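Only one structure is covered here, and it is reproduced in the block below.
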Amino acid sequence: MRIVFLGAPGSGKGTQAKRVMAEHDIVQVSTGDLLRGAVAAGTELGQKARAAMDAGELVTDDIVLGIIAERLAQPDCANGFILDGYPRNLQQAKDLEPVLADIGQSLDAAVLLDVELDILMKRLTGRRTCSKTGKLLNIYYSSQEELDAVTAAGGELIQRADDNEETIAHRLEVYREQTEPLIDYYREAGLLKVVQGEGEIDEIYARLEAALGL
Ligand code: AMP
């Protein structure tokens with residue numbers, strides 16, 4: 001299956017995409033992860049993307065198009081992929097079409113993970129990543145045992161550079177202005193599936209599997 005995940009920052013796209021990848025032969029392709037990798041590696045591309053990311057702005061369309069075209073052409077994407085965080089505006093949705101045509105593929109669905117604003121804020125301000133395993137945790141929602149296990153194993157709970165309150169507010173604004181119009185775009189294309197994204201990770205995942213017929 002070839003799926004686009006829509007949804008605000010903090011809606012659970014990454015968490016759910018990783019779960020789909022673990023249980024089905026579908027690769028998660030996250031432009032945010034690819035960009036953070038480029039920033040950490042100090043590549044030229046990473047240097048170009050960094051300021052926009054730190055400010056909660058979108059990186060330019062041509063940079064992300066290059067990244068996504070290169071990633072989707074790799075062999076592990078042939079069986080299917082989830083685009084997590086791409087497209088983020090109408091231009092990117094249009095840019096994606098020839099990229100898919102070039103590899104002889106088309107989208108099966110666009111999933112909107114629907115979450116209220118107050119819950120998004122709590123998920124984003126509380127979000128942490130284990131420095132050792134990359135596991136996603138949340139200081140408000142993860143159990144004390146899960147949080148303690150990270151430090152006991154010698155890991156640290158790392159907060160993303162763009163998960164501070166000011167940048168979060170701006171990322172949510174950018175989402176409303178630039179990304180939300182994609183909901184209608186994919187609805188008109190007959191691809192939209194809305195999944196209620198609040199509650200336990202397991203129950204959201206069950207709703208997602210049902211919506212996609214996985
Ligand atoms: P994410 O991990 O998806 O929340 O993305 C983190 C940051 O990476 C965003 O705030 C943007 O600065 C940048 N980014 C990720 N995906 C895109 C995209 N498709 N277009 C432009 N910028 C992006």
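Observations
- In region 18-39, the qualifying residues are those that are in a helix (DSSP H, G or I) and among the β-branched types (Val, Ile, Thr), and the one that is farthest from the ligand (Cβ to nearest atom) is Val20.
Conditions (1) farther than 26 Å from Glu23 by Cα; (2) surrounded by 13 or more Cβ atoms within 10 Å (Cβ to Cβ); (3) aliphatic (A, V, I, L, M); (4) modelled with pLDDT under 95, marked per residue:
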position	(1), (2), (3), (4)
Thr43	yes, no, no, no
Val64	yes, yes, yes, no
Ala69	no, yes, yes, no
Ala78	no, yes, yes, yes
Asp84	no, yes, no, no
Pro87	no, yes, no, no
Ala101	yes, no, yes, no
Gly104	no, no, no, yes
Cys130	no, yes, no, no
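- Criterion: aliphatic (A, V, I, L, M) and either farther than 25 Å from Ala55 by Cβ or open to solvent by 40 Å² or more (accessible area, probe 1.4 Å) (or both) - qualifying residue of Leu120, Leu172, Leu124, Leu157: Leu157
- Residue check: Glu146 meets all listed conditions (1) open to solvent by less than 50 Å² (accessible area, probe 1.4 Å); (2) free of Cβ contacts under 8 Å to residues at least 12 places away in the same chain but one, namely (1).
The values are calculated or read from the model by the stated rules, or taken from the named source; none is laboratory data. Note that the structure is predicted; figures quoted are calculated from it, not measured. When we count neighbours, we look across all protein chains shown, and the Cβ atoms used for this are built from the backbone with ideal geometry, even at glycine. Heavy atoms of the whole protein, side chains included, go into the accessibility calculation; ligands, DNA and RNA do not. Shrake-Rupley method; radii C 1.70, N 1.55, O 1.52, S 1.80 Å.
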